[in-house]
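Colleague: Structure provided below as structure tokens; questions to follow.
What follows draws every value from the coordinates through simple rules; no lab data is involved. Since the structure is predicted, the reported quantities are computational estimates derived from the model, not experimental observations. Cβ coordinates were reconstructed from backbone atoms using ideal geometry, including for glycine residues, and neighbour counts include every protein chain displayed.
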Amino acid sequence: MEKKLKKAKSDMWTGVLSALFACLYFAETFRFILDHSVPISAAVFPRIIAGLVFLCAAAIFFRGLRVYRTIPETARHEAKANAAGSSRNLFHVLEAFLILLGVAVAMRPLGFIVTMTIAMFLMFVLLEKPQKRKYGLYAIFSLTLPTAVFFLFYYCFSYLLPTGVLRLLLARIL
Amino acid sequence: MSAFQYFGHALATIFTTPQYLFFMLLFTALGILLGALPGINVNLSLILVLPLTYAMQTESAMVVLLSCYIGALSGGLISAVALNIPGTSSSIATCFDGHPLAKQGKAGQAVGVGILTSFVGGSLSYALLLLLAPMMAKVALKFGYWEYFAVSFFSITMIIGIAGDDVFRGVLGAALGMAIAMTGSDPVMMVNRYNFGFHALDGGVTLTALMCGIFAVPELLKLAETRDDPDVEVTKLEKFRGFGISAKDYLSRWKNILRSTVIGTYTGILPGIGASSASLLSYMTAKNSSKHPETFGTGDIDGIIASETANNACMGGAMIPMLALGVPGSSAAAILMSALSLHNVQPGPLVFANSANLIYFIFAICFVVNFFMLVLERGVLTGYLKALTAPPRIVMVIVMLMCVCGAYSSRSSFLDLYVFAIFGTLGFFLQKGGIPAGPIILGYILSSLCELNFVRAYAISRGNVMAVFHRPIAAVFMVVAILSLANSVRKTIKADKARKAAETDLASNG
């Protein structure tokens, strides 16, 4: 029953969010600067796609709702009580996302080596249980791997990854 | 001289020139290594070796580039199986059955079969190329905009099957992929779409950043989500011999092998369709023709055979438009073509008459490199898989590092790092909602092809959409696509009814 409820809820959430996305996606097409002299405008395909997303979203939502209605009230409350603690897990997901977003934000000012050293260390720490963490090992991996990859890209691919705050130091080495 | 005489002469030249053999060994190994690293695609691998070829003779340059290309194309299957992150987009369909096998401890067997079938698919495709190249080039010339539209539409309907019994989730995934692809300038009138005022988005969202995000980030976030759960025992790698499959067992699947080779080669001939569509079409055809379609997606060897045979066979097919028509079918083919142009060889309809020696030399390189690929990739497989069985938390953080490099270096844009992070996280929630990553990426790849050809065909036919049914090849693809879509809807309704009946039975039995 719990699995059924979970699937129904997942269907309803997927349906609502996808329908919302489809509406916004469709509305945005009215902001395109279109050339009306052409036989088929640049907004046609996006509108078809928005329609397709909306139809699928509606089908998935109503399927979920139909199943949800068949589940007794008591089973719903039971499942709610069992779900306590899942928000804590989602908090770790949020932390991981913030690290990835931090990489995007910090890459230009800090450069590849510094950003990835910090990001890798934080990610190692985040992904491991507190009692099992090996900070020394993480520090070694986090420092050596981004540096090695930076020089690998430079010497093998002739490709300079962002240098950031180490610009002057790297200019002397490279 | 006949085609076989040219080919024999080219083979003799290769085997009597140690320099060519050394280059093949070295650059095939490099290609496999690069292809197996998530985030480094075939194009980047070719770009890496292209500058080395500037000072070389044309023949040596082709040896270096083709060795790296074939190696990288095949290497993509290792990370697809072991990490569920395709090294190249052509290995997406390999993930569907390869990774479930890896979870059962059979990663070695899955990659072994993939390597063997890559070799077989490639070799059969090159044989077809040798026999039929001039004739096939003529058929490819008959493809117009409607035919291209019909093929891409047909491919999109094939994607839906990946989502299993749930057609709505399959369509939703493909449509979301298509929606992402609409970002940036439209392919015909260059009208800016969905850039939200950021000019960095005018060029759209790059495939590498999106693919790294959608496939790698959800795996990373899953580890974060399950951090506090009790530790799950890491699946041990089962021992395997040879390629993980007996010759008898492999040959008993000859129908799948031949069908996938034909699909791969023919899809490769069509410029712009690409190896990812070829492997998908082949996978879906194998699933639909199987007596046990329900085993696909759970670790069926036939799924790996279909995908890997087709994407390697595509390589042989892709040579035809590139050499005979001068039309590069993919970015990688464009890089190969530019290398030919640098050496004053102009691909086009006259190439078979003007540069027959070089053309058959290229075919011979493909044959020999394919053999090197088989030996080298099998040789490094055990070591590579052992490295990947290190604690998943360590492996995934290193994969994140490589993906960040891949996402950024695809066009040196900081925006792609945001794409990687945001679409990756979105992919995690979509997977939680039951929408798999495969349809999203394939929808992304096929949508621009579909739109571009539809708009052009529509303009040429003066708004007559039914013109698609006036052209025999296009009409066949459209009819098959519509039938396949109807079949998927029928299956969903049937599955829903069966589920309802099972629930009613369960309720009535107390």
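Colleague: Calculate the mean, over all residues of peptide B:399-407, of how many other protein chain Cβ atoms lie within 10 angstrom of the residue's Cβ.
Modeller: 5
Colleague: Need the C-alpha centroid separation for segment A:121-156 versus segment B:380-419, integer Å.
Modeller: 12
Colleague: Related question: By its C-alpha gyration tensor, with a ≥ b ≥ c as the square roots of the eigenvalues, how is segment B:390-449 shaped: rounded for a/c under 1.5, else prolate for a/b larger than b/c, else oblate?
Modeller: On the way: a/c = 2.02, a/b = 1.15, b/c = 1.76.
Here segment B:390-449 falls in the oblate category.
Colleague: If you build a Gaussian network model of chain A, linking Cα atoms that sit under 10 Å apart, which residue out of A:Ser18, A:Ser142, A:Ser41 swings the most?
Modeller: For chain A, modelled as a Gaussian network with Cα springs under 10 Å, the answer is A:Ser41.
Colleague: To the nearest 500 deg cm²/dmol, what mean residue ellipticity at 222 nm is calculated for chain B from DSSP H runs of n ≥ 4 alone, each contributing -39,500 (n - 2.57), summed and divided by the residues?
Modeller: About -24500 deg cm²/dmol.
Colleague: Please report, for the Cα atoms of segment A:88-173, the Rg to one decimal and the Dmax as a whole number; what are they, in angstrom?
Modeller: Just the Cα atoms of segment A:88-173 yield Rg and Dmax of 14.4, 47 Å.
Colleague: Other chains' Cβ within 10 Å of B:144-152 residues: what's the mean? Please report the intermediate quantities before stating the final value.
Modeller: Details: counts 0, 0, 0, 0, 0, 0, 0, 0, 0.
That average works out to 0.
Colleague: Which whole-number percent gives the relative contact order of chain A, counting Cα pairs below 8 Å spaced six or more residues apart?
Modeller: Normalised by residue count, the contact order of chain A is 21 percent.
Colleague: With θ set to phi - 60°, apply the Karplus curve 6.51 cos²θ - 1.76 cosθ + 1.60 along segment B:243-255 and write out the HN-Hα couplings as whole Hz, x wherever there is a Gly or Pro.
Modeller: 9, x, 8, 6, 4, 5, 4, 5, 5, 5, 9, 4, 5
Colleague: Place the peptides B:369-379, B:193-203 in order of packing, highest mean first, counting for every residue the other Cβ atoms within 10 Å and averaging per peptide.
Modeller: B:369-379, B:193-203
Colleague: Need one number for segment B:368-510: average projected area of the convex hull over its C-alpha atoms, nm².
Modeller: With the hull built on Cα positions only, its mean projection is 17.6 nm².
Colleague: Measure up A:Lys3/A:Lys134; A:Lys4/B:Lys491; B:Lys222/B:Lys494; A:Lys6/A:Lys129; B:Lys142/B:Lys248; A:Lys4/B:Lys239 against 29 Å on the Cα-Cα distance and list the ones that go over.
Modeller: Beyond 29 Å: A:Lys3/A:Lys134; B:Lys222/B:Lys494; B:Lys142/B:Lys248; A:Lys4/B:Lys239.
Colleague: Moving to a separate point now. Count, for each residue of A:22-30, the Cβ atoms from other chains sitting within 10 Å of its Cβ, then give me the mean as a whole number.
Modeller: 2
Colleague: On average, how much area does the Cα convex hull of the protein assembly as shown cover when viewed from any direction, in nm²? Spell out each step's value before the answer.
Modeller: Values: hull surface 129.6 nm².
Over all viewing directions, the protein assembly as shown projects a mean Cα-hull area of 32.4 nm².
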